1. For region 1-131, how big is Rg over Rh, using alpha carbon atoms and the Kirkwood form of Rh?
2. Report the label-to-label distance for Thr202 and Thr15 in nanometres (one decimal), using points 7 Å from each Cα along the Cα→Cβ vector.
3. Report the local net charge at Gly141: Lys and Arg +1, Asp and Glu -1, summed over other residues whose C-beta lies under 14 Å from its C-beta.
4. If each of Phe76 and Asp218 carries a label point 7 Å out from its Cα toward its Cβ, how far apart are those two points in nm?
5. Using 7 Å Cα-to-Cβ label points, what is the Lys116/Glu51 separation (nm, one decimal)?
6. Counting only protein heavy atoms, what percent of the accessible surface of the chain is carbon or sulfur at a 1.4 Å probe?
7. Could you list log10 I(q)/I(0) for region 69-162 at q = 0.18 Å⁻¹, which the Debye formula gives when each Cα is one point scatterer?
8. Of the peptides 155-164, 111-120, 89-98, 203-212, how do they stack up when ordered by the mean number of other Cβ atoms within 10 Å, highest first?
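The values are calculated or read from the model by the stated rules, or taken from the named source; none is laboratory data. Nothing here was measured: the structure is a model prediction, and the numbers come from that model. Heads up, the Cβs are rebuilt from the backbone with ideal geometry, glycines too, and the neighbour counts pull from every protein chain shown. Each accessible area value is taken on the protein alone, full model and side chains, heavy atoms only, with ligands, DNA and RNA left out. Shrake-Rupley method; radii C 1.70, N 1.55, O 1.52, S 1.80 Å.
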Amino acid sequence: MIELQDIWKTYADGTHALRGVSVLIDRNEFVYLVGPSGAGKSTFMKLIYREEIPTKGQISVNGFNIGKLKPRKIPFVRRNIGVIFQDFRLLPNLSAYENIAFAMEVIEAPRRVIRKRTSEVLELVGLKNKQNSLPQQLSGGEQQRVAIARAIVNNPAVIVADEPTGNLDPETSWGIMNLLEEINFRGTTIVMATHNKEIVNTLRKRVIAIEHGTIARDQARGEYGYEI
Ligand code: ADP
Ligand code: ADP
């Protein structure tokens, strides 16, 4: 599903964020990305959702060589990848329903399909009763559920989540993890960067540790492995 071959990423200011990363992630895996701040986790994920392009090396997602993508193909590939952020990034003037529906309007889905699918994902994330609320009227956990609904509404093959529980209290974080596990169970590959030791050590999954831009550790059913 995701393959990085000897990926190097050097930013314009000369920072080497990734230095020769090779990794293969299969369809339907759930992978935690761990490692110190500044290690290269966000860069790794930005390459997957094509926010950045590699300086050197090949990256393919769902069969697309995304480092070499023609610009007109980018939207087509992006709809195959749902992205979730620590700070939710919802549109503040749109309701929960409209935030989710908007992701389908962008790809010009038919209105009838948008209504049906938006209702379906609102149901899945347990927010049917809050569909008309604005983000500011929702708790952090509810906002993250809206963001997850938005990320999955177009049925992406891959979900990339950058510290999705980073702004949430422990109980709310477990709810979000249950939801991500459910989405993974339904067939979506998930790559999640996290500093949440408790979650990683409890819901044991593949752990890829990045340090100084290289893969320091890659374990099936691994552990967090850092003090905090
Ligand atoms: P992490 O997500 O593990 O904290 P990042 O991928 O954000 O790590 O950053 C890796 C390295 O690249 C850090 O040294 C960071 O300061 C640097 N970096 C990230 N984004 C940029 C950028 N746009 N320009 C220059 N340096 C960057
Ligand atoms: P259908 O025509 O398929 O029955 P509806 O238009 O009734 O679909 O919409 C299905 C659900 O989505 C309803 O609960 C409706 O209130 C809700 N809905 C539709 N559009 C919006 C919107 N812009 N904002 C909030 N809720 C909406």
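1. 1.02
2. Between Thr202 and Thr15, the label points sit 3.2 nm apart.
3. -2
4. 2.9
5. Modelled inter-label distance: 3.3 nm.
6. C and S fraction of accessible area: 47 percent.
7. Debye output, listed in q order: -0.76.
8. Descending packing order for the listed peptides: 155-164, 203-212, 89-98, 111-120.
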